[in-house]
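In what follows, a single structure is set out as structure tokens and then discussed.
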């Protein structure tokens, strides 16, 4: 895990031997489960360190200068193989984490890996974000919502912002050219009670990668998110 260790240090994160061991075991289980279910197309040892683990830890850049309570909650929307949620949990163990994915096979892996790594304060949920965000226990209940490029920004904003409490942040990990996506997402931000805080380039990678950081400034109207499928088929614009 030398690549991960060196990259984390560039982010200002010093990983302990126990944390490195946890990332190693995470990698081994990810590869093993990936033989049976489709979790990721990336399984090379070095590539996983960079494109999965280190990429996930770049979310730490979005937390700089942000006053969070000692006990804070994060939801990973469309978690898949647990990215970025689980790497963040390994670095911020005090964080309470919800891993949300609509596919039961993936949440079976998430339940397995969080138990295998002995992570406490983690809840795995099999559901659509359009449905879960209307449940009182989860609506506007999180200090941080994260998602790793599972949809265009306008869609992600509608799916993530309803989970954030006022004053919280939504962070989308994106790569490539995003100017058009950013333009299309402005309507969704204003409609769901958010505002664009920052688009932060991530300098650790050869390709263009960004953290799109939104801040929740007002409660989300009850009509959002719309029913399942609509945020994808008909993004707010």
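Details
- The residues on offer are 203, 228, and the sole one that is over 18 Å from the mean Cα position of the chain (by Cα), under 19 Å from residue 76 (Cβ atoms), outside any strand (DSSP E or B) and at pLDDT below 95 is 228.
- Residue that is surrounded by the fewest Cβ atoms within 10 Å (Cβ to Cβ), among those in the range 64-94 that are closer than 17 Å to residue 167 by Cα and in contact (Cβ under 8 Å) with a residue 40 or more places away in the chain: 69
- Applying the condition of being outside any loop (DSSP other than H, G, I, E, B) and under 8 Å from the mean Cα position of the chain (by Cα) to the range 76-87 and asking which residue is farthest from residue 131 (Cα to Cα) yields 85.
- Residue among 170, 145, 154 that is assigned to a strand (DSSP E or B), in contact with a helix residue (DSSP H, G or I) (Cβ under 8 Å, 6 or more places away or on another chain) and in contact (Cβ under 8 Å) with a residue 60 or more places away in the chain: 145
- Residue match in the range 130-149 (condition: surrounded by fewer than 17 Cβ atoms within 10 Å (Cβ to Cβ) and farther than 29 Å from residue 39 by Cβ): yes
- When we screen 173, 144, 165, 159 for residues that are under 15 Å from the mean Cα position of the chain (by Cα) and within 16 Å of residue 221 (Cα to Cα), the only hit is 159.
- Here residue 105 clears all of (1) over 27 Å from residue 230 (Cβ atoms); (2) in contact (Cβ under 8 Å) with a residue 40 or more places away in the chain except the condition numbered (1).
- Residues that are part of a helix (DSSP H, G or I) and within 19 Å of residue 52 (Cα to Cα), drawn from the range 91-107: 91, 106, 107
- If you go through the range 35-52 and pick out every residue that is surrounded by 13 or more Cβ atoms within 10 Å (Cβ to Cβ) and either assigned to a helix (DSSP H, G or I) or in contact with a strand residue (DSSP E or B) (Cβ under 7 Å, 6 or more places away or on another chain) (or both), you end up with 6.
Table: residues versus (1) part of a helix (DSSP H, G or I); (2) at pLDDT below 95; (3) in contact with a strand residue (DSSP E or B) (Cβ under 8 Å, 6 or more places away or on another chain); (4) under 20 Å from residue 151 (Cα atoms).
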position	(1), (2), (3), (4)
14	no, no, no, no
21	yes, no, no, no
25	yes, no, no, no
30	yes, no, no, no
33	yes, no, no, no
54	yes, no, no, no
74	no, no, yes, yes
89	yes, no, yes, no
109	yes, no, no, no
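- Hits in the range 205-215 (condition: in contact with a helix residue (DSSP H, G or I) (Cβ under 9 Å, 6 or more places away or on another chain) and surrounded by fewer than 16 Cβ atoms within 10 Å (Cβ to Cβ)): 205
The values are calculated or read from the model by the stated rules, or taken from the named source; none is laboratory data. Because the structure is predicted, anything quoted here is derived from the model rather than measured. Don't worry about glycine lacking a Cβ; one is built from the backbone with ideal geometry, like all the others, and counts go over all protein chains shown.
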